[in-house]
Amino acid sequence: KNQVEQSPQSLIILEGKNCTLQCNYTVSPFSNLRWYKQDTGRGPVSLTIMTFSENTKSNGRYTATLDADTKQSSLHITASQLSDSASYICVVSALRGNAGNMLTFGGGTRLMVKP
Amino acid sequence: DGGITQSPKYLFRKEGQNVTLSCEQNLNHDAMYWYRQDPGQGLRLIYYSQIVNDFQKGDIAEGYSVSREKKESFPLTVTSAQKNPTAFYLCASSANGAALSTDTQYFGPGTRLTVL
């Protein structure tokens, strides 16, 4: 069964500090991995997408890495801001299947940035 | 929220009542999706539609129904048969219904349904 596990479940950091969120997956055959940011009470917004051949991708202060061998990804946030407070969701796509099993969503990491 | 609107934002329902959640998109996307989000869990797919007048069940379709009569609209009805309907419901769309694994999904702002 395809699974996506994220850690930690929640994290509190001080404004200006860096942090790293983890995502481990067992999705096969692998197509791509996305990180989404979800503000409280809102829909998720895509941050990055990485395919099998990509090791790292940046979007401003967000940098995602992918190790397809160990099936792990991380999202690094640099110089955190109060607006970074949100849930971060890792989503892994399988190469084939119907929509019911093609996308597997992690449970998310809830990040709180304090002043 | 990328041109996808959901209404209402908050919805309260008495047990035994059916309720319909609205989802509209002006992105000219072929595919639309309904997800349910519960605290600490990943999004779970309820129904999806790759093209107008066609839709398929997702992982947790029991107690829900949908229609796709227009490209822009994909309403979700939560029926009284759904045993635990209190949740946050998210609608999404993507451009190409035939490229489910590679197309980015754009999400609406969500509807929080509470059953009293």
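Quick check: anything in segment A:70-81 crowded, with 18+ Cβ neighbours inside 10 Å, away from every other protein chain (no Cβ under 12 Å), of a type in the set (A, V, I, L, M, F, W, C) and more than 10 Å from the chain's Cα centre (by Cα)?
From segment A:70-81, those crowded, with 18+ Cβ neighbours inside 10 Å are A:73, A:75, A:77, A:80; that's our starting set.
Of the ones still in play, those that are also away from every other protein chain (no Cβ under 12 Å) are A:73, A:75, A:77, A:80.
Next, only the ones that are of a type in the set (A, V, I, L, M, F, W, C) stay: A:75, A:77.
Then drop every residue that is not more than 10 Å from the chain's Cα centre (by Cα), which leaves A:77.
For segment A:70-81, residues crowded, with 18+ Cβ neighbours inside 10 Å, away from every other protein chain (no Cβ under 12 Å), of a type in the set (A, V, I, L, M, F, W, C) and more than 10 Å from the chain's Cα centre (by Cα): present.
Would you call B:Ile60 in contact with a Gly (Cβ under 8 Å, 6 or more places away or on another chain) and of a type in the set (A, V, I, L, M, F, W, C)?
no
What's the total number of residues in segment A:70-81 that are closer than 19 Å to A:Ser7 by Cα, not basic (Lys, Arg) and not in a strand (DSSP E or B)?
Residues meeting the conditions: 3.
Restricting attention to segment A:24-55, which residues are closer than 24 Å to A:Pro8 by Cβ, among the hydroxyl-bearing types (Ser, Thr, Tyr) and more than 9 Å from chain B (Cβ to nearest Cβ)?
A:Tyr25, A:Thr26, A:Thr40, A:Thr48
Matching residues to (1) outside any strand (DSSP E or B); (2) modelled with pLDDT under 90; (3) of a type in the set (Phe, Trp, Tyr); (4) in contact with a Lys or Arg (Cβ under 9 Å, 6 or more places away or on another chain):
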{"position": "A:Leu11", "(1), (2), (3), (4)": "no, no, no, yes"}
{"position": "A:Gly16", "(1), (2), (3), (4)": "yes, no, no, no"}
{"position": "A:Gly41", "(1), (2), (3), (4)": "yes, yes, no, yes"}
{"position": "A:Met50", "(1), (2), (3), (4)": "no, no, no, yes"}
{"position": "A:Ser53", "(1), (2), (3), (4)": "yes, yes, no, no"}
{"position": "A:Leu66", "(1), (2), (3), (4)": "no, no, no, yes"}
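Please give the strands (runs of 3 or more DSSP E) falling wholly within segment B:14-66 in which 2 or more residues are more than 13 Å from chain A (Cβ to nearest Cβ) and farther than 19 Å from A:Ile89 by Cβ.
Hits in segment B:14-66: B:19-25, B:64-66.
Pairs needed: first member in segment A:42-69, more than 17 Å from A:Ile89 (Cβ to Cβ); second member anywhere, loosely packed, with under 15 Cβ neighbours inside 10 Å and modelled with pLDDT under 95; C-beta distance under 7 Å; at least 6 residues apart or different chains.
A:Ala68/A:Phe52
For B:Ser93, work out the one condition from (1) without any contact (Cβ under 8 Å) to a residue 24 or more places away in the chain; (2) surrounded by 15 or more Cβ atoms within 10 Å (Cβ to Cβ) it doesn't fulfil.
(1) is the only condition that B:Ser93 fails.
Can you name every residue in segment B:96-114 that is surrounded by fewer than 19 Cβ atoms within 10 Å (Cβ to Cβ) and either assigned to a strand (DSSP E or B) or more than 13 Å from chain A (Cβ to nearest Cβ) (or both)?
Scanning segment B:96-114 gives B:Arg112, B:Thr114.
From the residues in segment B:85-95 that are within 27 Å of B:Gly16 (Cα to Cα) and part of a loop (DSSP other than H, G, I, E, B), which one is nearest to the other protein chains (Cβ to nearest Cβ)?
So, considering only residues that are within 27 Å of B:Gly16 (Cα to Cα) and part of a loop (DSSP other than H, G, I, E, B), the one nearest to the other protein chains (Cβ to nearest Cβ) is B:Thr86.
Tally the residues that are surrounded by fewer than 20 Cβ atoms within 10 Å (Cβ to Cβ) and in a loop (DSSP other than H, G, I, E, B), restricting the search to segment B:69-84.
To start, the set of residues in segment B:69-84 that are surrounded by fewer than 20 Cβ atoms within 10 Å (Cβ to Cβ) comprises B:69-73, B:75, B:77, B:79-81, B:83-84.
Right, trim to in a loop (DSSP other than H, G, I, E, B) and you get B:69, B:71-72, B:75, B:79-81, B:83-84.
Adding up the residues that qualify gives 9.
The values are calculated or read from the model by the stated rules, or taken from the named source; none is laboratory data. Computed from a predicted model, the values in this text were never measured in an experiment. FYI the Cβ positions are ideal-geometry reconstructions off the backbone, even for glycines, and counts take in every protein chain you see.
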